[in-house]
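Rule-based calculations on the coordinates, nothing more; no lab input. Model, not experiment: these values are computed from the prediction. Here the Cβ positions follow ideal geometry from the backbone for every residue, glycine too, while neighbour counts run over all protein chains shown.
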Amino acid sequence: MPEKPQIFISHAHENKPLVRRLERELKATGAEVWVDHSGVRLGENLPESLSQALATCNLFLLIWSNAASASHWVKLEWTSALSLQKTIIPCCLDETALPALLANLLYVDFRNEELGISKLRRDIELAQQSTSVAPSESAGELVRMLRRKWAAALPPIWNVPHHRNPNFTGREKLLQNLRAALASEQSAALIQAIHGLGGVGKTQLAVEYAYRFSHEYEVVWCLAAESPATLAADYAALAQPLALPEKEAADQNLAIAAVRRWFNHHDGWLLVFDNASEVEALHGYLPQATTGHVLITSRNPNWRSLAQSFAVSIFAPEEAIDFLCKRTGQADRDAAARLAEALGYLPLALTQAAAYIEETGKSVADYLALYQQHRQKLLSRAKPAADYPYTVATTWELSFQAVQQQCAAATDLLHLCAFLAPEEIPWDLLQPTLSEVEQLKASALADPLESDEAVAVLRRYSLLEVKDQALLLHRLVQQVTQDRLPETERTHWQEMVVRLVTEAFPIESFDVRTWPICRRLLTHALLLCEAEIVPNRLAFLCNLVGLYLHGRANYTEAEPLYRRSLKTFEKQFGSEHPHVATSLNNLAGLLESQGKYAEAEPLYRRSLEISEKQLGPEHPDVASSLNNLAGLLKSQGKSAEAEPLYRRSLEIREKQLGPQHPATGISYGNLAGVLKAQGKYDDAEPLWRKAVGIHENQLESEHPHVATGLNNLAELLRSQGKLAEAEPLYRRSLEIREQRLGPEHPDVANSLNNLAELLWSQGAFAEAEPLYRRSLEISEKRLGSEHPYVAISLNNLAVSLVSQGKYAEAEPLYRHSLEISEKQLGLEHPNVTASLNNLAGLLKSQGKYVEAEPLYRRSLAICEKTLGPEHPNTQLVRKNLTLLLEEMQGK
């Protein structure tokens with residue numbers, strides 16, 4: 001019978017309950033166990049008994065905990081075991097760090113007591129089963145097996161060419177998944193292919209796996225699989241340590257066949273095919289038996305016909321920061337975070353940066369500043385890592401060259417993608433527009449099949465990934481691709497990308513229906529809008545992106561884009577070109593949206609002047625300029641000044657476009673609106689009815705323009721107190737918008753709001769409230785929770801709640817509305833005055849005069865400044881303040 005394991009358990013008194021259970025479990029395996037409470041009898045000398053037990057044991061279990069770390073006896077026992085070269089197995093009960101001398105040992109995790117005991121018992125049982133029958137050999141084999149398992153000794157046949165990386169960071173989940181798959185013993189999982197971008201750490205992961213689980217194998221053999229010659233040589237070389245008869249064979253193929261046969265008849269082996277190119281390259285080398293494990297590292301992701309495949313990505317941000325701090329010995333995590341982001345969290349780039357920092361003594365922050373100035377030199381001239389022969393710049397060079405040889409279209413695609421943002425590239429939107437760009441429509445990429453082939457070639461080398469029809473390139477791949485191009489080619493490709501994105505960006509980018517497309521292109525368009533080049537198309541792109549951001553109420557971001565568009569057009573075409581007029585008009589509209597009327601008006605007037613001069617006084621674009629300027633004047637209460645501009649706009653459109661043109665119908669509606677603002681209801685009504693009739697005849701009865709006309713006519717009728725006539729128009733307008741624009745379009749929200757106001761004015765507060773709420777919900781969902789229209793919806797819902805006496809519900813809505821308006825429009829926008837006035841009115845109705853007064857005063861000051869002392873809104877606020885002061889005096 002084989003000898004039994006003789007186990008010494010060292011522990012602190014506080015851990016005795018666990019130790020007693022562990023003792024019973026281990027004895028059940030047939031092991032002999034020495035514990036002080038049972039190993040020493042009354043009258044015996046404790047130190048002498050302890051020394052004898054240590055001398056005769058072949059396994060030393062160290063029950064490690066915070067209590068054990070403070071125990072003098074525990075320290076005496078483990079240091080004695082260490083000096084006697086015993087196999088020490090730490091069993092960690094908590095997070096207390098092991099002593100430095102034991103820190104490199106593998107340990108059993110006893111934080112889950114059940115799992116810890118189960119694992120330890122199973123290993124000792126398996127070790128006893130694997131010993132030989134001869135009693136004289138069994139104990140030695142048992143000790144050797146467990147010593148290697150727990151003391152991390154390497155397998156007898158081992159050729160891993162890299163030392164274990166002391167700075168290996170993160171990847172724990174990947175290692176766990178890898179081990180779980182291989183340990184599942186399912187034949188389909190015994191070959192694992194690790195793929196990813198060059199420099200992402202595939203080989204490091206495989207090396208760490210080999211070291212961490214070396215105790216599971218008798219043979220661990222790495223093969224350089226990047227070329228047929230190195231693969232064959234490394235594979236044949238294994239015949240020597242395996243002592244195969246073919247080890248001296250002159251024909252290398254005989255040695256390869258012999259090694260493969262050996263694998264087919266033995267277990268406990270791990271083969272690592274490093275940097276394999278494709279499935280075909282490994283034919284003839286993979287064992288047919290499922291008695292061992294295979295790891296493949298590759299840039300090529302296409303391994304599913306042979307292996308289970310999983311991607312190794314860049315570091316997570318926290319992993320990258322931890323690595324930099326650990327590798328450099330510096331604690332500035334903020335600087336490490338900025339550097340890690342700049343390097344795209346690529347492990348190889350982080351390693352090179354850390355090596356440079358270590359060699360030069362620079363701080364992480366200083367290196368980042370240097371990198372930002374000399375990126376290309378640092379990436380190409382950096383010293384390679386100890387276990388990796390290439391720098392970031394050179395590690396992809398062979399891939400670039402191979403791509404160029406295999407597929408010219410793939411190189412073109414790489415160049416295009418290099419000048420886009422390091423985000424998801426919506427290739428499904430960009431590829432169809434290639435034919436619209438003169439310099440690109442002849443490219444093979446314009447053919448969908450050739451485009452797919454280009455994507456496939458780049459994926460083969462992990463230079464890009466595909467996700468939901470979008471392409472992803474690492475930022476450093478983009479930068480190195482740019483750096484490889486001569487300056488003239490770099491400018492050429494950047495201009496091509498500007499043209500491509502401009503063609504893909506929706507012309508109607510102000511329309512909410514185009515926003516999903518605009519959103520996918522936005523980060524790329526914004527990056528290009530910052531480019532130093534000034535092609536004509538860049539001005540168009542800046543304008544389109546500005547329109548989108550303007551519609552989203554991102555005024556701060558939209559304004560510099562409008563201004564750059566204006567400046568570029570002026571530079572390219574001169575200050576009197578119609579494109580300049582368009583840019584002036586858009587910029588003026590943005591300023592008007594923010595209530596900056598004084599700044600907007602001269603831009604509208606200059607735009608009108610250019611259009612009249614360059615296009616003639618009766619051009620339709622002149623009508624549009626007149627219309628916009630009139631709208632600004634109307635917003636300021638200058639309806640008398642606006643009316644002749646609207647009339648002239650209508651006259652031009654009737655003459656140039658015809659009396660039944662949809663644009664003429666819009667002019668009729670605009671003129672009706674300004675007449676209504678002056679109280680000329682009888683003059684306004686037939687104009688609105690005419691506008692509706694034109695749109696119904698020319699566009700079809702369900703067109704959104706018809707809905708707008710109906711809505712405006714209903715507004716007029718409501719102003720005249722003709723509520724019964726107005727309601728069916730509101731409802732029809734709502735029905736058309738829901739049907740043609742969709743139930744969640746902002747215009748639907750507008751119709752809901754207007755219908756709710758009509759119901760509210762009729763005293764139907766309970767019917768109005770759900771319409772107000774639905775209007776608010778749509779605005780928040782489609783426009784964003786901080787859009788100015790949301791502020792209006794909040795305000796209107798609050799008004800409805802006040803009418804029902806629900807003051808507690810209304811007040812936070814008023815305050816939120818005010819907060820949004822102040823943030824998005826500025827502290828002096830007219831919409832802010834409405835929120836201030838309404839909130840003050842609510843406070844007044846609750847008798848909170850002291851809180852209401854400063855709100856009224858501030859509202860009045862804004863109105864007088866932005867709208868003038870005679871504007872109707874100014875007069876209304878002044879009246880409300882006067883009434884408040886009178887009530888306060890009466891109190």
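Can you tell me the 0 to 90 degree angle between the C-alpha axis of helix 487-504 and the longest principal axis of the chain, rounded to 10? Orientation of helix 487-504: about 60 degrees from the principal axis.
The range 426-443 and the range 290-323 have their alpha-carbon centroids 34 Å apart. Normalising the average separation of contacting C-alpha pairs (under 8 angstrom, six or more residues apart) by the number of residues puts the relative contact order of the range 157-311 at 32 percent. Placing R0 at 22 angstrom, the Cβ-Cβ distance between H163 and E423 gives a FRET efficiency of 0.05 after rounding to 0.05. Legend: ranking of residues V877, V219 from fewest to most surrounding C-beta atoms inside 10 Å; resulting order V219, V877.
With both labels modelled 7 Å from their Cα along Cα-to-Cβ, the E358 to Q614 distance reads 6.1 nm. The angle separating the long axis of helix 639-656 from the principal Cα axis of greatest extent in the chain is about 80 degrees. Secondary structure note: in the chain, about 10% of the DSSP beta bridges are antiparallel. Stretching the chain fully between T394 and R24 yields a gain of 127.2 nm (0.36 nm per residue, less the alpha carbon separation). Tell me the angle of helix 364-373 to the major Cα principal axis of the chain, expressed in degrees between 0 and 90 and rounded to the nearest ten. Relative to the chain, helix 364-373 is tipped by roughly 60 degrees. Diffusion coefficient of the chain by Stokes-Einstein, Kirkwood radius over Cα pairs, 25 °C, 0.890 mPa s: 71 µm²/s.
The sum of -39500 (n - 2.57) across all DSSP H runs of n ≥ 4, divided by the residue count of the chain, sets its helix-only mean residue ellipticity at 222 nm to -20000 deg cm²/dmol.
Sequence-distant contacts, meaning Cα pairs under 8 Å at least 6 residues apart, place the relative contact order of the chain at 5 percent.
Distance from the C-alpha centroid of the range 693-744 to that of the range 241-266: 86 Å, rounded to the whole angstrom.
Lys and Arg at +1, Asp and Glu at -1: add these up for the other residues within a Cβ distance under 10 Å of G268 and post the number.
Residues near G268 contribute -3 overall.
Pairs of Cα atoms nearer than 8 Å and 6+ residues apart set the relative contact order; for the range 274-342 it is 26 percent. Taking the Cβ of I517 as the center, what net charge do the other residues with Cβ under 14 Å away carry, scoring Lys and Arg +1 and Asp and Glu -1? So the surrounding residues net to -1. Please give the Cα centre distance for the range 803-843 versus the range 566-624, rounded to the nearest Å. Cα centroid of the range 803-843 versus Cα centroid of the range 566-624: 34 Å apart. Rounded to the nearest 0.05, what FRET efficiency do Y681 and L723 have when you use their Cβ-Cβ distance and R0 = 22 Å? About 0.95, to the nearest 0.05. Cβ-to-Cβ counts within 10 Å put V466, V748, V33 in ascending order as V466, V33, V748, the fewest first.
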